[in-house]
Amino acid sequence: AEEVEGPFLKGIEILSPALALETIALCEAAAASTQKALEKARLFFAESCKEAASFKCEDPALRLSVQSLTKLSARVHTVAQKLRQYCKDMEGRKRLKGNS
């Protein structure tokens, strides 16, 4: 999603209306695709963490695997937060371009 945002990072005021609308459409499509991937990842980690919680973590290797799973799950949460901010930024750009 961040890759298609490039023209906005150079300054929205210098974009032609056509390029701004095209870039916004690309950004929204990328955000939607990212959202779908995040939902799949969240579901996977929710199920995996639930399953892992049922194990007795006496084996150090298993304990390490469960910790890794927890860290990856936290990363999914971080990416979701970034996506929410990205979508907020895009809404602001749409409003800004709508007023110009």
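Descriptive notes on the structure:
- Condition check for Lys82: in contact (Cβ under 8 Å) with a residue 24 or more places away in the chain and either among the charged types (D, E, K, R) or part of a helix (DSSP H, G or I) (or both): no
- Sole residue being under 30 Å from Val4 (Cα atoms) and exposed (fewer than 12 other Cβ atoms within 10 Å of the Cβ), chosen from Lys36, Lys50, Lys82: Lys36
- Selection status of Ser48, more than 17 Å from the chain's Cα centre (by Cα) and at pLDDT below 90: yes
- Qualifying positions in region 53-79 - of a type outside the set (Ser, Thr, Tyr), outside any helix (DSSP H, G or I) and surrounded by fewer than 13 Cβ atoms within 10 Å (Cβ to Cβ): Phe55, Lys56, Glu58, Asp59
- Close pairs (6 angstrom Cβ cut-off, 6 or more residues apart or separate chains): in a helix (DSSP H, G or I) in region 12-36, among the small types (Gly, Ala, Ser) anywhere: Ala30/Ala1; Ala31/Ala1; Thr34/Ala1
The values are calculated or read from the model by the stated rules, or taken from the named source; none is laboratory data. None of the values given here were measured: they were computed from a predicted structure. Neighbour counts run over all protein chains shown; Cβ positions are idealised from the backbone, glycine included.
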